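To start, the structure under review is shown below, and the notes come after it.
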Amino acid sequence: MNIVAIIPARGGSKGVPGKNIRNFCGKPLIAWAIETALKSRFIDRTIVTTDDPKIAKIAKKYGAEVPFMRPKNLAQSTTQMEPVLKHTIEWLQKNENYKTDAIVLLMPPNPLRSTKQIDEAIKLFLKKDPDVVVPLSELSAAHHHPYWIVRPVKKGNSYELLNAINQNVKYAPARRQLLPKYYVKNDLVFVMKPKILYEKPACYFGGSKQEPYIMSDFYDEDINIPSDWARMENKFRQLITKKL
């Protein structure tokens, strides 16, 4: 089985300009994703897809392949992930006659992942044979729980408060301990069959058979705005200290 790690890193980040190559705990942010992928015992190739020559140069320095420059039309702020992944595997098939059997998607804005977690996700994929393994963190903040998130709906001269599951909030458990468990997608590591990218609608965490890879809410992070950076570095240092 040809298992390919794909690391998407376009150059036009608006929230944190240049974030993929900005220094994060001593290395460019993207380097952490590359190094964890290269250490995996399952991943055959680690490919960075980017439109930016600076990112490409740094990616190669840290050992990733950059066999092509991503077309500009696939590097916009509105570009979805699915066409970027499709472009990568189709390029490999067309130009190298290389068939991708499984994709490991590693997003640089969440550098908290370890090689151990990547391999655990891949082993889950190989054992359970789902269309995709989706990383999930338990939702621990009760005030963000779907049962307690509400939207006011106008009813005559008053309102009815409906929660995120479209139920009147008065029917929700009043105590945190009674709330059912819910999880959020954390973007740490996805493992998928390429076929899900061609479904309608295409979704990189879709497919008809999904397998959850559950971890703590510690990993529910992403660098999108400047204030995220220091918090993420602090968490990263905690992982290094504890060697988790």
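The values are calculated or read from the model by the stated rules, or taken from the named source; none is laboratory data. Bear in mind that the values here come from a model prediction, so they are computed numbers and not experimental data. Heads up, the Cβs are rebuilt from the backbone with ideal geometry, glycines too, and the neighbour counts pull from every protein chain shown.
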Exercise. Within the range 22-36, how many residues are within 17 Å of Leu239 (Cβ to Cβ), surrounded by 19 or more Cβ atoms within 10 Å (Cβ to Cβ) and touching a residue at least 40 places away in the same chain (Cβ under 8 Å)?
Worked result: 5
Exercise. So which residues in the range 193-238 are more than 25 Å from Phe125 (Cα to Cα) and either not charged (D, E, K, R) or not assigned by TED's automatic domain parsing to the domain that holds Leu124 (or both)?
Worked result: Ile223, Asn224, Ile225, Pro226, Ser227, Trp229, Ala230, Met232, Asn234, Phe236, Gln238
Exercise. Based on what the data block shows, is Asp187 surrounded by 15 or more Cβ atoms within 10 Å (Cβ to Cβ), in a loop (DSSP other than H, G, I, E, B) and among the charged types (D, E, K, R)?
Worked result: yes
Seminar exercise, completed: Of those in the range 33-79 that are in a strand (DSSP E or B) and among the hydrophobic types (A, V, I, L, M, F, W, C), the residue nearest to Asp222 (Cα to Cα) is Val48
Seminar exercise, completed: Note: among Tyr198, Tyr213, just one is under 17 Å from Ser140 (Cα atoms) and of a type in the set (Phe, Trp, Tyr), namely Tyr213
For this session: Might you let me know whether the range 96-111 holds any residue that is farther than 28 Å from Asn20 by Cα, at pLDDT 95 or above, under 21 Å from the mean Cα position of the chain (by Cα) and aliphatic (A, V, I, L, M)?
Result: no
For this session: May I ask you to verify whether Asp44 is among the acidic types (Asp, Glu), within 21 Å of Asp131 (Cα to Cα) and in contact (Cβ under 8 Å) with a residue 12 or more places away in the chain?
Result: yes
Exercise. What residue, of Leu85, Leu126, Leu112, is buried (at least 19 other Cβ atoms within 10 Å of the Cβ) and in a helix (DSSP H, G or I)?
Worked result: Leu85
Problem set entry | Whichever residue in the range 47-73 is closer than 14 Å to Trp91 by Cα and touching a residue at least 24 places away in the same chain (Cβ under 8 Å) and, among such residues, is surrounded by the most Cβ atoms within 10 Å (Cβ to Cβ) | Val48
